[in-house]
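The numbers here are math on the coordinates, done by the rules we state, and not lab data. Keep in mind it's a predicted model, so treat the numbers as computed, not measured. Positions of Cβ are generated from backbone atoms using ideal geometry, with glycine treated the same way; all protein chains shown enter the neighbour counts.
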Amino acid sequence: MQTKIPFRNRAPHGWWVATYILRAAWDDQAEPVEDEACCAWENTILVQADHRETAYSKAQIFAAEACTEFEDLADPPRKGRWVLEGLTSLLPIYEEFEDGAEIIWTEYASIPVQKIRSWIRPKERLEAFDDTPGRAELG
């Protein structure tokens, strides 16, 4: 018997937010050991699906499609590829899309006010205002 899916795990408007982790792997290196440092990207995407199982499957497909090859043109040049480690989050979007609509939320139970305030950044430290040369460029 299938149990009813709680409202919190349904997307009333058919949209989901999925987050996944990609790890950079160099072609000239062996598979890393568990405690070895590496470059990783956490990517968050929108997925359109009527059901959480479909959203999960589509998120896995989109994440796998991000596993492309790349090249570092330093001396000597190196080739590598992005390896999918997996999904870290899959959340329904409860509101219709419009300016100011909430798309992601996180609940923090019993957290000190000081900790919350430590997360706040001034405008110039927000990612959209970081124009530091040498940061990853897209496009």
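What the phi angles of the range 6-17 give under the Karplus curve with 6.51, -1.76 and 1.60, with θ = phi - 60°, is a coupling list of x, 3, 4, 10, 10, 10, x, 10, x, 10, 10, 10 Hz, glycine and proline written as x.
Of the residues 86, 16, 30, the one whose Cα sits farthest towards the positive end of the charge dipole of the range 10-94 is 16 (charges of +1 on Lys and Arg Cβ, -1 on Asp and Glu Cβ, taken about the Cα centre). The C-alpha atoms of the chain define a longest principal axis, and helix 52-65 lies at about 10 degrees to it. Over the chain, DSSP H runs of length four or greater, each weighted -39,500 (n - 2.57), average out per residue to a 222 nm ellipticity of -4000 deg cm²/dmol.
Report the calculated FRET efficiency for residue 36 and residue 95 (r = Cβ-Cβ distance, R0 = 41 Å), to the nearest 0.05. Please list the in-between numbers first.
Working: r = 41 Å, r/R0 = 1.01.
Using R0 = 41 Å, I get an efficiency of 0.50.
Checking (i) 2, 12, 24, 27, 22, 11, 3, 0; (ii) 2, 8, 11, 11, 9, 8, 8, 6, 6, 5, 5, 5, 4, 3, 3, 2, 2, 1, 1, 0, 0; (iii) 2, 7, 12, 14, 15, 17, 15, 10, 5, 2, 1, 0, 0 against P(r) over Cα pairs in 5 Å bins from 0, in percent calculated from these atoms, the matching label is (iii).
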